[in-house]
C-alpha cells in the first residue's frame, strides 16, 4: 500500500468544497488514514514549498497557504499517488481533464483547490512534515476485496 498527502487549500475550504473533494478521492477506493483541520504556520509552509524558493510566485504561495485554515489528509491505497493525481487533475484547470477536481471546480492555476504529492518520494517527505507517525492509522475496508485484486 502506498500513501500520499492531500491538502484542501484555503480556496477549497473557503468555498465549502472540502466534502466534495474528499468524496472524489474516496470514490476510487483510497482510504483516509489521517486527517486534520489546521492553520498552516509560515515555517511549515516554507519547508513544504522549499523547492520553489527563489521563484517569483513563492512569497504569494506562502501568503496564500497560510491565509486561512486547510484540511490535510493522508490517503492510502494501491498506487495512491497516481490515483489521487488523476482525480485532482493538472495544475492549471484549463489543462485538466474534464471530470477532475480542478477541471470541474477551479478557475485559475493559483487557486486550484487542492495539493497532492507528485511522487512516492515527495509523499513520504510531505507526510512526515504534516503528520506524526502515531497520527496515521492503517485500516481495511470490508469492501476492499471488491476493489483490489
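Read-outs throughout are calculated quantities, based only on the coordinates presented, and are distinct from any laboratory measurement. Just so we're clear, the structure is a prediction, and the values are computed from it rather than from any experiment. In this analysis, Cβ positions are derived from the backbone assuming ideal geometry, glycine residues included, and neighbour counts consider all displayed protein chains.
Remarks
- Some residue of the range 50-62 being buried (at least 16 other Cβ atoms within 10 Å of the Cβ), under 13 Å from residue 6 (Cα atoms) and touching a helix residue (DSSP H, G or I) at 6+ places or on another chain (Cβ under 6 Å): no
- Residue count for the range 54-69, restricted to those that are touching a residue at least 12 places away in the same chain (Cβ under 8 Å) and not in a helix (DSSP H, G or I): 5
- Count of the range 6-26 residues, restricted to those that are farther than 22 Å from residue 67 by Cα and in contact with a helix residue (DSSP H, G or I) (Cβ under 8 Å, 6 or more places away or on another chain), is 2.
- When 40, 72 are screened for being in a strand (DSSP E or B) and buried (at least 19 other Cβ atoms within 10 Å of the Cβ), only 72 passes.
- Any hit, the range 1-22, residues being closer than 17 Å to residue 117 by Cα and exposed (fewer than 14 other Cβ atoms within 10 Å of the Cβ): yes
- Neighbours by Cβ (under 7 Å, 6+ apart or cross-chain): first from the range 125-144, in contact (Cβ under 8 Å) with a residue 12 or more places away in the chain and at negative phi; second in a helix (DSSP H, G or I) and surrounded by 11 or more Cβ atoms within 10 Å (Cβ to Cβ): 126/48; 129/44; 129/47; 129/48
- Qualifying positions in the range 99-149 - assigned to a strand (DSSP E or B) and exposed (fewer than 15 other Cβ atoms within 10 Å of the Cβ): 108
- Test result for residue 85, within 13 Å of the chain's Cα centre (by Cα), assigned to a helix (DSSP H, G or I) and closer than 30 Å to residue 147 by Cα: yes
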